[in-house]
Amino acid sequence: MTRVMLRKMGGPLGVALPDELINRLQLREGDELCVVETECGVTLTTHDPEFDRAMEVYERGALKYQNALRELAQ
């Protein structure tokens with residue numbers, strides 16, 4: 001577990017991540033992190049849970065309408 005402290009950064013509050021964590025996760029300036037609220041608190045992740053939901057919807061639609069999609073692709 002890594003503890004970080006909220007600090008005033010300009011107007012909003014921000015969190016400075018330790019170099020060890022940044023290097024291990026191969027994070028770079030400009031990378032986006034997702035803040036996900038859970039029953040236990042907050043999870044900070046590089047993974048976008050909304051993308052998974054969108055892909056599930058796409059896959060269901062692609063399977064259901066595969067014939068139509070094949071025709072449109074020609």
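Restricting to the range 10-44, name every residue that is on the phi > 0 side of the Ramachandran plot and at pLDDT 90 or above. Please lay out each step first, then the result.
Pass one, the range 10-44, residues on the phi > 0 side of the Ramachandran plot: 10, 26, 30, 41.
Those that are on the phi > 0 side of the Ramachandran plot and at pLDDT 90 or above: 26, 30, 41.
If residue 8 passes every condition in (1) touching a Ser or Thr at 6+ places or on another chain (Cβ under 9 Å); (2) loosely packed, with under 10 Cβ neighbours inside 10 Å but one, which one does it miss?
Unmet for residue 8, out of (1) touching a Ser or Thr at 6+ places or on another chain (Cβ under 9 Å); (2) loosely packed, with under 10 Cβ neighbours inside 10 Å: (1).
Could you grab me the full set of residues in the range 30-45 that are of a type in the set (D, E, K, R) and surrounded by 10 or more Cβ atoms within 10 Å (Cβ to Cβ)? Steps first, please.
Narrowing the range 30-45 to residues of a type in the set (D, E, K, R): 31-32, 37, 39.
Answer for the range 30-45, where residues must be of a type in the set (D, E, K, R) and surrounded by 10 or more Cβ atoms within 10 Å (Cβ to Cβ): just 31.
Considering each residue of the range 40-49, count those that are among the polar types (S, T, N, Q) and assigned to a helix (DSSP H, G or I), and give that number. Show your work before the answer.
Restricting attention to the range 40-49, the residues satisfying the condition of being among the polar types (S, T, N, Q) are 43, 45-46.
In the following step, the residues that additionally are assigned to a helix (DSSP H, G or I) were identified as none.
Number of matching residues: 0.
Table: residues versus (1) under 17 Å from the mean Cα position of the chain (by Cα); (2) in contact (Cβ under 8 Å) with a residue 12 or more places away in the chain; (3) not in a loop (DSSP other than H, G, I, E, B).
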| residue | (1), (2), (3) |
| --- | --- |
| 2 | no, yes, no |
| 7 | no, no, yes |
| 10 | no, no, no |
| 22 | yes, no, yes |
| 31 | yes, yes, no |
| 51 | yes, no, yes |
| 56 | yes, no, yes |
| 61 | no, no, yes |
| 69 | no, no, yes |
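What about residue 48, is it surrounded by 10 or more Cβ atoms within 10 Å (Cβ to Cβ) and acidic (Asp, Glu)?
Details: surrounded by 10 or more Cβ atoms within 10 Å (Cβ to Cβ): yes; acidic (Asp, Glu): yes.
It is true that residue 48 is surrounded by 10 or more Cβ atoms within 10 Å (Cβ to Cβ) and acidic (Asp, Glu).
The values are calculated or read from the model by the stated rules, or taken from the named source; none is laboratory data. As the structure is a computational prediction, the values presented were derived from the model and not from experiment. Glycine gets a Cβ as well: all are built from the backbone with ideal geometry, and neighbour counts include every protein chain shown.
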